[in-house]
Amino acid sequence: MSVAVIVGVGPSAGLGATLCRHAARAGLHVFAGGRTLALLEKTQHEIEATGGSCTPVVTDVTAEEQVQALIEQAEQAGQIELAIYNAGNNYSGNFLEMEASLFEQAWRVGTLGGFLFAREVLRRMVPRNRGTLIFTGASASLRGKPRFAPFTAAKAGLRAMSQSLAREFQPQGIHVAHVVIDGIINGDRIRNRAPALVEQLGEEGMLQLDDIASTYLFLHQQPRSAWTHELDLRTFRENF
Ligand SMILES: NC(=O)c1ccc[n+]([C@@H]2O[C@H](COP(=O)([O-])OP(=O)(O)OC[C@H]3O[C@@H](n4cnc5c(N)ncnc54)[C@H](OP(=O)(O)O)[C@@H]3O)[C@@H](O)[C@H]2O)c1
């Protein structure tokens, strides 16, 4: 059985869950990792309703043993062909009053989790000389905006690590890619946190979940003579 492992899976209208549905549609058995079981089970049910298969596994990506257990469980079910590190929360605040713990937490989720996940996945993929490992980035991966120092540092670190991994493991047959999502995703997160911004941007001012996920599957399906390491996605309206 060919397996996809996707971590950072939350609400149905979020990127993690959408990536799970697309991977299942591509014929992969999906291991969905995230912190909230009810949300993971919702994704499982959605996938099963359309004939796919999914195993929800509660996983905190910052907990080494939990990441190891997830990858071990997935490999016992089949061969991991696609692995996506999608976890990320947007940490921001007044820098002068910021607690060091906030900065550290952003790094744990944004960067350390990516290291733990990639290491476990690559330990399985490298001996087979095949597999795809994709990291989700953001505008912050490339440039720091005011108030977003912790998030920027974390995402930039993840991006830098992905480059290092690509240069080390691509020659061994592993496709390592980093996707810069440059804009607001039209999903639950923004709808719940900033409905006024959703109103202001309108549908066309936000990235659509299915359109982003299709790109990840495209990356996974690229032939090895023409691999992309990094691509950026933004709406036609975005200033950049
Ligand atoms: N939303 C945007 O506009 C936007 C824009 C650019 C880039 N991105 C990036 O896109 C990715 C997905 O964003 P999204 O907004 O669509 O969210 P999503 O994919 O719906 O959910 C991401 C999930 O990551 C989870 N997560 C956070 N910390 C975790 C941890 N320690 N262990 C396991 N899971 C954890 C969150 O869980 P909890 O619900 O428990 O916190 C959340 O459900 C993120 O990497 C984000 O940085 C998002």
| task | Please enumerate the residues belonging to region 49-69 that are charged (D, E, K, R) and either near the ligand (Cβ under 10 Å from one of its atoms) or closer than 24 Å to Arg189 by Cα (or both). | result | Asp60
| task | Might you let me know whether region 79-90 holds any residue that is among the hydroxyl-bearing types (Ser, Thr, Tyr), buried (at least 24 other Cβ atoms within 10 Å of the Cβ) and not in a loop (DSSP other than H, G, I, E, B)? | result | yes
| message | Suppose we keep only residues that are part of a helix (DSSP H, G or I) and surrounded by 14 or more Cβ atoms within 10 Å (Cβ to Cβ) within region 91-103. Which one would you say is farthest from the ligand (Cβ to nearest atom)? | response | Phe103
| message | Between Glu75, Glu46, Glu41, Glu65, which is closer than 18 Å to Asp210 by Cα, at pLDDT 95 or above, not β-branched (Val, Ile, Thr) and not in a strand (DSSP E or B)? | response | Glu46
| message | For region 128-145, check the following and say yes or no: at least one residue is over 19 Å from Ala106 (Cβ atoms), buried (at least 18 other Cβ atoms within 10 Å of the Cβ), in contact (Cβ under 8 Å) with a residue 60 or more places away in the chain and of a type in the set (Val, Ile, Thr). | response | yes
| query | Among the residues of region 1-38 satisfying the criterion of being in a helix (DSSP H, G or I), crowded, with 21+ Cβ neighbours inside 10 Å and hydrophobic (A, V, I, L, M, F, W, C), which is nearest to the ligand (Cβ to nearest atom)? | reply | Leu15
| said: Can you tell me which of (1) free of Cβ contacts under 8 Å to residues at least 24 places away in the same chain; (2) part of a helix (DSSP H, G or I) is the one Gln170 doesn't meet? | reply: (1)
| message | Going through Gly51, Gly34, Gly8, Gly16 one at a time, which residue ends up being modelled with pLDDT of 95 or more, more than 26 Å from Arg128 (Cβ to Cβ), in contact with a Gly (Cβ under 8 Å, 6 or more places away or on another chain) and not hydroxyl-bearing (Ser, Thr, Tyr)? | response | Gly34
| task | Would you tally the residues in region 109-141 being in contact with an Asp or Glu (Cβ under 8 Å, 6 or more places away or on another chain) and farther than 17 Å from Val7 by Cα? | result | 2
| Out of curiosity, is Ile185 of a type outside the set (S, T, N, Q) and without any contact (Cβ under 8 Å) to a residue 60 or more places away in the chain? | no
| task | Could you grab the pairs with beta carbons closer than 7 Å, sequence gap of 6+ or different chains, first residue in region 21-40 and under 9 Å from Gly10 (Cα atoms) and touching a residue at least 60 places away in the same chain (Cβ under 8 Å), second one outside any loop (DSSP other than H, G, I, E, B) and within 13 Å of the ligand (Cβ to nearest atom)? | result | none
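The values are calculated or read from the model by the stated rules, or taken from the named source; none is laboratory data. Note that this is a predicted model, so its numbers are computed, not measured. Note that each Cβ is placed from the backbone with ideal geometry, even for glycine, and that neighbours are counted across all protein chains shown.
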